[in-house]
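The structure appears below as structure tokens.
We did not get these values from a lab; they are worked out from the coordinates using the rules stated. Just so it is clear, the structure is predicted and the values come from calculations on it, not from any experiment. All Cβ positions, glycine included, derive from the backbone under ideal geometry; neighbour counts span all protein chains shown.
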């Protein structure tokens, strides 16, 4: 029983210390400064485009900020987290940690929780920084859209942090982790994932473009975390979905429904964390 009670406590302790590591390494300050500046600049730009005394459309201002954050969150999640575990392994810090009452699974889950909290806080800072500027410059802000943006961006942050943690456990060097993280960003954010089925079908059809689109290809495309995110946001706030990097389906099929999209994002989190835990358990520290 003591072991069962102690494990969650150790997990929370590790997550807390991992988040504090981000602060000690100035990562948290950098993220807050960057995202706060983004919120200020975009909101001020929105005020300049409305004219004096004319209130902008609330959705337009929030959507412009939302679009920038959708691009930045995966970038900082992969860029800041992908080297976390591999750096600790190379520096010998993991040897010390595993000598304490921390299991390898605790290291993986604790890193996921701690870094997710750090990365998810960044877009919240941007949204909070935008509020006073919007009030002073008379730019209308819809609280509902801001809340929806905060919740969905936090989920997006957790999704990409889990992918970054998996990369960090799989990579043997910080250079390899960085390159893999960059590749993941390009594949997921710039629609490379949805092109994979097209490439496979192109090869299967003798290097000729098929005339029809296969259902399985559409299903695979919908499993991209960015596409799933867009489909999820479309069910919560269609106007915000227009600002997402990936386009939401206008007439969604079953696999493009918001509920399924949310399950896909959770699936990425669970699968990535599972791969990370499995790989880390077999890694020679």
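When each pair of different Cα atoms in segment 128-217 is counted once in the 1/r mean, what is the Kirkwood radius in angstroms, to one decimal? Please list the in-between numbers first.
Details: mean 1/r = 0.0585 Å⁻¹.
Every distinct Cα pair counted, the radius reaches 17.1 Å.
Report the Stokes-Einstein translational diffusion coefficient (µm² s⁻¹, integer) for segment 155-199, Rh taken as the Kirkwood radius over Cα pairs, at 37 °C with viscosity 0.692 mPa s. Roughly 292 µm²/s, to the nearest whole number.
FRET efficiency for the residue 173 to residue 135 pair, using the beta carbon distance and R₀ = 41 Å, is estimated at 0.30. Each residue, residue 23 and residue 40, gets one label point 7 Å from its Cα in the Cβ direction; the gap between the two is 2.2 nm. When both segment 206-285 and segment 134-184 are represented by their alpha-carbon centers, they are found 15 Å apart. Computed over the chain, the P(r) tail beyond 33 angstrom holds 30 percent of alpha carbon pairs. Altogether, the Stokes-Einstein calculation at 4 °C and 1.567 mPa s, with the Kirkwood radius of segment 64-125 over Cα pairs as Rh, returns a diffusion coefficient of 99 µm²/s. For segment 91-242, the calculated P(r), taken from all Cα-Cα distances in 5 Å bins from zero up to the bin holding the longest distance, is 2, 8, 12, 14, 16, 14, 12, 10, 7, 5, 2, 1, 0 percent.
Taking every Cα-Cα distance in segment 180-258 and sorting them into 5 Å bins from zero, the calculated P(r) comes out as 3, 16, 22, 21, 18, 13, 5, 1, 0 percent. For segment 222-270, the equivalent ellipsoid built from the Cα gyration tensor has semi-axes of 16, 11, 9 Å, listed from largest to smallest. Spin-label pair residue 12-residue 91: with each label point 7 Å from Cα along the Cα-Cβ axis, the two points sit 2.6 nm from one another.
Could you work out the relative contact order of the chain? I mean the mean sequence separation of Cα pairs under 8 Å and 6+ apart, divided by the number of residues, in percent.
Once divided by the residue count of the chain, the mean separation gives 26 percent.
With a Förster radius of 30 Å, plug the Cβ-Cβ distance of residue 48 and residue 150 into 1/(1 + (r/R0)^6) and report the FRET value to the nearest 0.05. So the FRET efficiency works out to roughly 0.75. Mind checking the log10 I(q)/I(0) for segment 100-178 at q = 0.12 Å⁻¹? Debye, one equal scatterer per Cα, no solvent, two decimals. Log10 of I(q)/I(0), two decimals: -0.50.
Mind checking which of 236, 85, 119 has the largest fluctuation in a GNM of the chain, springs on alpha carbons under 10 Å? Between 236, 85, 119, it is 236 that shows the largest mean-square fluctuation.
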